[in-house]
Every structure is written in structure tokens, then in C-alpha cells.
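K.L.:
Encoded as C-alpha cells, here's the structure I'll be asking about.
Only the coordinates and a few stated rules stand behind these numbers; no lab work does. Because the structure is predicted, anything quoted here is derived from the model rather than measured.
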Amino acid sequence: MLAGSLLAAVMPIAFAMLGLSALLSFMRLLKGPDLPDRILALDTLYINAIALVILLGLHLDSALYFEAALIIAVMGFVGTIALSKYLLRGDVME
């Protein structure tokens, strides 16, 4: 029973810290000095979104959120690769 009460106590703190991290990443995305910083901020925002969705799945005790987090991870990976190729070469498709 101690593990359940500990998880219930830590859950709001984790939500707040991940929310703050997402807010700071979004600020870097908007104010980034150059394009590579903005791409890294977008990648960090994807990671924060994945962590928030997984934490919500743990909080609501539902496995559906884990599948949503997997989809966000795949889309984030593809988006980061496409933006990086665009930054290096000027086009995405060869």
C-alpha cells in the first residue's frame, strides 16, 4: 500500500515538472537564435509530450495512452529527421 500512496504523492509533482519543461522548450522553439536550436527545441518538445502522455496513462491506469505515446515518438523521429535533412541539404526528398 505504501507504493500506491507514494505514486499518488509524486504524480502531481511529475506533471508540474514536465509541464514546466514543455513550456521552457516551447519558449526556446519560439525564441531560438537560429534554426538548429529550434529543431532541438522541437525534438525536446516531442520527448516532453511522450513523457506527459505516459504519465497520464499511469495516472488513469490505461494502456491506450502508451500506444499514443508510441505514435508521438514515431512522428517526432520522422519530423526531426525531415527537418535536419532540410537544414543540411535544402530539400527533404532527393
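K.L.:
Taking the alpha carbon gyration tensor of the chain, what are the square roots of 5 times its eigenvalues, largest first, to the nearest whole Å?
P.N.:
32, 17, 6
K.L.:
Which of these, LEU52, LEU70, LEU29, has the largest mean-square fluctuation under a Gaussian network model of the chain (Cα springs below 10 Å)?
P.N.:
Highest fluctuation among the options: LEU70.
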